[in-house]
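Read the structure below first, then the notes.
Where a number appears in this text, it was derived from the coordinates with a stated rule and is not lab data. Because the structure is a prediction, the values reported are computed rather than measured. A quick note on method: Cβ atoms are made from the backbone with ideal geometry, for glycine too, and the neighbour counts reach across all protein chains shown.
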Protein chains: 2
Amino acid sequence: MQTWEAITSRRNVRAFDGRPVPAADLDQILEAGRRSPSSQNWQPWDFIVVTDRAQLRELARVWRGAAHVAGSAATIVVIGPAADNEFGRAQFDLGQATMSMLLAAADLGIGTCHAGVTDLELARELLGFPADRPWAFLISLGYPADRPLTPVRNPRRRPLDEIVHRGRW
Amino acid sequence: MQTWEAITSRRNVRAFDGRPVPAADLDQILEAGRRSPSSQNWQPWDFIVVTDRAQLRELARVWRGAAHVAGSAATIVVIGPAADNEFGRAQFDLGQATMSMLLAAADLGIGTCHAGVTDLELARELLGFPADRPWAFLISLGYPADRPLTPVRNPRRRPLDEIVHRGRW
């Protein structure tokens with residue numbers, strides 16, 4: 001897919017058609033996350049990939065808004081570092097890695113949706129990540145149940161003229 | 001460009017060849033930022049686009065690592081919200097919008113590099129953004145002075161096997 005098509009076709013997909021995502025496609029998505037830039041190249045991320053249905057159902061309980069995880073073909077859990085760096089860039093860099101993976105997925109026709117984690121203890125119990133890691137985010141993945149990814153003509157966003165300032169605010 | 005080529009070709013570019021970036025290309029890059037996902041679609045970003053050479057030279061003084069801004073064809077200043085949201089997602093979402101713009105730029109053969117802002121007062125004086133906005137990041141843009149963007153075979157990153165955990169940590 002052309003880059004611009006992937007950028008414009010990415011949308012939140014919360015219902016999936018049940019088909020698995022090929023392992024090679026999952027690895028390509030993870031590779032996109034791995035290649036992301038970060039503050040002084042500190043790469044403050046680990047990714048846990050969950051594809052087991054029973055485990056996905058359990059994982060869907062870590063936040064009230066994470067129900068879509070249960071029916072996903074796979075969910076990537078983005079784990080942040082134990083501590084932020086001197087510039088406070090952990091969340092910014094996790095956001096960059098996440099966006100790379102969302103676009104790499106869209107490129108393969110795979111829909112995605114974010115979810116936060118409020119029950120970090122349950123997430124840790126299910127996934128076994130170290131106790132000193134305070135940040136976890138979920139990205140659910142799968143083929144859309146409703147319709148394939150195609151460019152979104154009018155995204156529900158603030159208008160460009162409102163958010164862009166030329167030269168000065 | 002194909003999405004995967006854009007993802008693998010993006011690299012930090014700090015030296016630019018002096019050619020301007022067409023206004024339509026800049027707008028496409030900004031549109032990629034505008035379309036980014038964010039927590040409950042709050043879109044906590046504003047973008048200030050600087051293309052004036054004298055202003056770019058001044059802007060390069062906002063951080064000791066921002067020298068590359070002076071020679072950029074354009075620099076997009078990403079301004080965050082006045083306050084974080086209840087989930088603390090401001091930086092994560094600014095990172096997502098930034099990554100969208102980096103990849104949209106790579107797709108057009110345009111190199112990019114981040115810079116932080118330590119002298120927020122100087123940035124505010126040069127750009128006129130409101131005093132209650134505490135977050136600003138720079139993305140410098142331009143055509144690479146050394147060689148065009150092509151896929152990076154071996155990015156300087158932690159190996160995939162080290163960062164990816166299957167099923168459990």
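Before moving on, here are some points about what is shown:
Conditions (1) among the basic types (Lys, Arg); (2) more than 22 Å from residue B:127 (Cβ to Cβ); (3) surrounded by fewer than 21 Cβ atoms within 10 Å (Cβ to Cβ), marked per residue:
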residue	(1), (2), (3)
B:7	no, yes, no
B:15	no, yes, yes
B:72	no, no, no
B:93	no, no, no
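- Among the residues of region A:123-151, those that are within 9 Å of another protein chain (Cβ to nearest Cβ) and more than 19 Å from the chain's Cα centre (by Cα) comprise A:128, A:130.
- Residue match in region B:54-64 (condition: more than 23 Å from residue A:9 (Cβ to Cβ) and within 13 Å of the chain's Cα centre (by Cα)): no
- Failed item, numbered, when residue B:106 is tested on (1) surrounded by fewer than 23 Cβ atoms within 10 Å (Cβ to Cβ); (2) within 20 Å of residue A:41 (Cα to Cα): (1)
- Qualifying positions in region B:32-43 - assigned to a loop (DSSP other than H, G, I, E, B) and either in contact with a strand residue (DSSP E or B) (Cβ under 6 Å, 6 or more places away or on another chain) or surrounded by fewer than 22 Cβ atoms within 10 Å (Cβ to Cβ) (or both): B:35, B:38, B:42, B:43
- Within region B:1-30, residues that are more than 8 Å from chain A (Cβ to nearest Cβ) and closer than 14 Å to residue B:146 by Cα reach partners that are outside any loop (DSSP other than H, G, I, E, B) and of a type in the set (S, T, N, Q) with beta carbons closer than 9 Å, at six or more positions or on different chains, in the pairs B:11/B:112; B:13/B:112; B:13/B:140; B:14/B:140; B:16/B:140.
- Meets criteria (touching a Leu at 6+ places or on another chain (Cβ under 8 Å), in a strand (DSSP E or B), surrounded by 20 or more Cβ atoms within 10 Å (Cβ to Cβ) and within 7 Å of chain B (Cβ to nearest Cβ)) for residue A:47: yes
- Of the helices (runs of 4 or more DSSP H) entirely within region A:71-169, those holding at least 2 residues that are without any contact (Cβ under 8 Å) to a residue 12 or more places away in the chain and in contact with a strand residue (DSSP E or B) (Cβ under 9 Å, 6 or more places away or on another chain) occupy A:160-163.
- Here residue B:115 meets each of (1) in contact with a Leu (Cβ under 6 Å, 6 or more places away or on another chain); (2) among the small types (Gly, Ala, Ser); (3) at the interface with chain A (Cβ under 8 Å from one of its Cβ atoms) with one exception, condition (3).
- With respect to the conditions (1) over 30 Å from residue A:118 (Cα atoms); (2) crowded, with 21+ Cβ neighbours inside 10 Å; (3) small (Gly, Ala, Ser); (4) facing another protein chain (nearest Cβ under 10 Å), residue B:65 lacks only one, and its number is (2).
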